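A short write-up of the structure that comes next.
The values are calculated or read from the model by the stated rules, or taken from the named source; none is laboratory data. Everything quoted here is computed from the prediction, not taken from an experiment. Every residue, glycine as well, gets a Cβ built from its backbone with ideal geometry; the counts of neighbours run over all protein chains shown. Side chains included, ligands, DNA and RNA excluded: accessible areas come from the protein's heavy atoms. Shrake-Rupley method; radii C 1.70, N 1.55, O 1.52, S 1.80 Å.
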Amino acid sequence: MAENSKKHKGETSEKVVPNPDLNRKPRFRWTVEIHERFVKAVNELGGPYEATPKNIVKLMDDEDITAEHIKSHLQKYRQSKDIISTAKSTSKGKGF
């Protein structure tokens, strides 16, 4: 029998780590594979400044990932892109 990749209510995923504080949601872990799918979706949507969390969620099609997870990760991804581009432009001006 083939294993169904979709999760049923009540089942947990290895991507979601239980939190002992019952008032908080479980922490979502960004694995390398999930991040690669995120980057692929962002690129398909035109890059980090054109992609929206809602459209990224649709492309990734993973019920464990919420728009809130994507919003946070996209913000960090945009910041990392800004840091890299700033470093490149700074080093060009210094003759490195």
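Observations
- A Cβ distance below 6 Å, combined with a sequence gap of six or more or placement on separate chains, defines the contacts here; from region 33-45, residues that are over 12 Å from Asp61 (Cβ atoms) reach residues that are surrounded by 12 or more Cβ atoms within 10 Å (Cβ to Cβ) and of a type in the set (S, T, N, Q) in the pairs Leu45/Asn55.
- Residue count for region 28-43 satisfying the condition of being open to solvent by 100 Å² or more (accessible area, probe 1.4 Å) and not in a helix (DSSP H, G or I): 1.
- Breaking point among (1) in contact with a Phe, Trp or Tyr (Cβ under 6 Å, 6 or more places away or on another chain); (2) under 15 Å from Lys15 (Cα atoms), for Pro48: (2)
- Count of region 55-72 residues which are out of contact with any helix residue (DSSP H, G or I) (no Cβ under 6 Å at 6 or more places or on another chain) and assigned to a helix (DSSP H, G or I): 5
- Only one of Lys25, Lys81 that is outside any loop (DSSP other than H, G, I, E, B) and of a type in the set (D, E, K, R): Lys81
- Annotation: Lys81 fulfils all but one of (1) at pLDDT 90 or above; (2) surrounded by 12 or more Cβ atoms within 10 Å (Cβ to Cβ); the unmet one is (1).
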